[in-house]
1. Given a Förster distance of 51 angstrom, what is the FRET efficiency for S265 paired with S472, based on the Cβ-Cβ distance and rounded to 0.05?
2. Output the pairs from K66/K214; K106/K214; K214/K718; K89/K139; K113/K718 with a Cα-Cα distance over 28 Å in this structure; if there are none, say none.
3. How many nm separate the modelled label positions at I827 and H645, each set 7 Å beyond the Cα in the direction of the Cβ?
4. Arranged from highest to lowest average of other beta-carbon atoms within 10 Å per residue, in what order do the peptides 722-735, 676-689 appear?
5. About the Cα centre of region 503-622, what is the dipole size in debye to 20, counting +1 per Lys and Arg Cβ and -1 per Asp and Glu Cβ, all else neutral?
6. Just check region 164-260 against the gyration tensor rule for me: Cα atoms, a ≥ b ≥ c as the square roots of the eigenvalues, rounded for a/c under 1.5, and otherwise prolate or oblate depending on whether a/b exceeds b/c.
7. By average Cβ neighbour count within 10 Å, what is the ranking of 100-111, 466-477 from highest down?
8. So what's Rg/Rh here for region 722-857, counting alpha carbon atoms and using the Kirkwood radius for Rh?
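Since every read-out is calculated from the coordinates, none of them should be taken as a lab result. Everything numeric here is computed off the predicted structure, so don't read it as measured data. Quick reminder, even Gly has a Cβ in these numbers, built from the backbone with ideal geometry, and neighbours come from all protein chains shown.
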Amino acid sequence: MIAVSLKGIWGRKLRTLLTALAIVLGVAMISGTYVLTDTITAAFTNIVDDSFTNADAVISGKVAFKNDDSNTGEGVVPAFPASVLTKVKQLPDVAAASGEVGDEAKLLGRDGKVISTGGGGSIGSSIDPANDARFTPLKLVSGQWPVGGSQIAIDKHTADTQHFGVGDTIGVAANQGTRRFEITGIARYADSASIGAATIAIFDIPTAQRLFSKIGRYDGIQVAAKDGVTPEKLVSEIGPLLPATAKVKTSAAQTASAVADVHTSLGMMQKFLLAFGAIALFVGAFVISNTLSITIAQRVREFATLRTIGGSRRQVLRTVMVEAFVVGALASIVGLFLGLGIAKGLNALFVAIGIEFPKGDTILATRTVVVSLLVGIIVTLLASLRPAIKATRVPPIAAVREGAALPVARLSRFGPVASLVTLALGILVLVFGIFGGGLTTASRLLALGFGTLILFIGVSLNAKRAVRPLASLLGWPGTKIGGTAGTLARENAMRNPSRTAATASALMIGLALITYVAILGAGLRASYGDAVDKLFAGDYALTAENGFDPFAKQADVAVATAAGVTAVSPIRGGDGRAFGDNIQVTGVTTNLAQTVHIDWLHGSASVPAQLGKTGAFVNKDYAKTNHLSLGSPIAVTTPTGNVLHLRLKGIFDPPKGGSPFGAVTISAASFDANYSAPRDLMALINVKGGVTDANTALLEGALSSFPDARIQTASQFKQTQENDINIGLNVLYGLLGLSVLISIFGIVNTLVLSVFERTRELGMLRAVGMTRRQVRRMIRFEGIITSLIGGTLGIAVGVFLAVLTTQALSDQGVVFAIPWRTMAIFIFGITAVGLLASVLPARRASRLNILKALQYE
């Protein structure tokens, strides 16, 4: 039977190839994801390993709580007193110790603009070559280390890409504005092959302390023990010397902690990308199952002959499963190695959206090989099981009957009920996952994923009931444009509803998810735009150059000096912890009411001016969750461990699209007194005369020393945020496009097999006068109709999912909005998909020899 299976595969090479491609692409996505994330992880790990090579113990700042979701810039670990270094050096078991200062330091290109770091960070670092050359991971490539307040060393990648050399001057965007430094050295980070597009600015310690507002403080100390002293003993001796804002670990423990953080961060990206690989394989399973179902129906007489000459049902089952195994194994092997190319493509995708990771040797781990092969083979076998079981029901007598068909299964009468129950179950699980109370995040995501999976299966099982009316409606234009060919195409699509539905379902899945993402994105854009319209009462907004990063608060001070400025209302941001949860804390000035419109439920526009040292205001949802009312006490812990004892003075109703304020908002004066290096999230500005070209030029001139900040009007501010949403949507479209590509192969498969099945029919049509062009047109219209059916089902399911999600997120400001232009593009794309998929089958059908076709069995 194995020989029979292999001959069957070799005899149907085109069908085998098209079937295998569905698995190849899915496995390639999984393999590529593992290769990319493993390679990035290895590169980051190499960087971390190089950081503490010659240290036995590492002292670092200590935060009162850890917030992995911080987006305010206050996630930076606080510095500690420099006196710690003096105490550590006096320990008898310490051989050497050196302090270091680090922060963000944005380098400027020759055009005066901030050099893009591709998400890698603008690293500011210190160097003390006389004392800590053994500890620093930085290695000089040329020149010498900086000495004094006017010198700097930069990383080799920046020097090469921006064409800087020793002796040149370079700008640095500092808290007090732009400063120019002489480049005295070019350095690299230890032996790391790459640190991505990150920039490194290196100063001597006194300069770094002044530049980063950390005079008399360090961010870290590396300590080397004397011979014979273990790192653990050294740590135990250092511990009692440290203040509450510092902690000590062995260098091995510090490295392990940093590596674990890398794995955690990249693990989320890995799971995100693997989800799209799973979607691609799920779609591929539909293609395989449908293809095998068609070919088994076409091979009734072949299987019946096997049964006639003594083959058992088990042997027939084995024959089909061996075919599936061989196809799955070969496809998985190809997909595994194609994943190397997918990894490069994914990396290019991230670079295109402004994220550049460190580079290193490509990692093809054993886990990648095993998982890729197992997943590809198992998915292929599972998708083939149902068609294989159908093949075993072929009776031996079918061998002598022309046109014999597979017998109807005994349980087929329960099919309609089972399909409806499956659909209902999927909807119920989805509703529970979205609206169910008391669920953990993991449980909710599991319910949503499982419910969506069941929903897709349920829709696919019920799709055949919608094929005839949809084909009749969607095929009607073809009857008017294509004449007889269009009419025949519509009838062919209606002839076998189950086959058409199965083919369309593969496209339905990908398009449903794309539609869902498009509607959700449109809702986010609409709600956010509405929020900006309601809140934005100022003339201009001052933001970071990229629109969302925090920036130095000195920028708003500089803008306030511009002629005609009547109000500048900065909004600071930092991390906090209250009522057992991590929150965002914001700080506002007394003139907030002049630039921001707030809908107060309790309190008035005078609340921001009355906050003082202990006042706070919150939004209505936070007040409701924590049972707060005017006068309620709120204890907020800062990252340094300070506890702010506040009293609630106002409760506001934010617009549906959200607001720039954190869970708790305090006065800017109180914020500055309790947060180290406070930074602005944004600032709203009023100017005499409103928005004019002249006022814009005046404000931009006032910001000339702060190239990491920019001025925007309300419409520009809104567009910047929408652009970020659009970038995210385009990434999702690109990843989901893989499933659409697989569904194209499914349509090609179906049409090719349909041409084989209808060989005699096509020969008869040619014999009675149908031209080659008409045959091609008929197959093309058939492909378009099938594609449009899948598109219609996909859009309907996507809209349904979006309705549920937006309803659940309505209290978060997400509204339901259909992007009609995008939907029109989708419909055009669906038509193009059907046309593209039909090119090869149409060409094949038009080239059939009439006489041979009439004799075909």
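1. The pair S265/S472 has a calculated efficiency of 0.45.
2. Among K66/K214; K106/K214; K214/K718; K89/K139; K113/K718, the Cα-Cα distance tops 28 Å for K214/K718.
3. The answer from the label model is 6.6 nm.
4. Answer by packing, highest mean first, reads 676-689, 722-735.
5. Values: 7 positive and 10 negative charges, 43 e Å.
Roughly 200 debye for region 503-622.
6. Because a/c hits 1.5 or more and a/b exceeds b/c, region 164-260 counts as prolate.
7. Values: 100-111: 20.1, 466-477: 18.0.
So the peptides 100-111, 466-477, ranked by packing, come out 100-111, 466-477.
8. Values: Rg = 20.3 Å, Rh = 17.4 Å.
Checking Rg against Rh, the ratio lands at 1.17.
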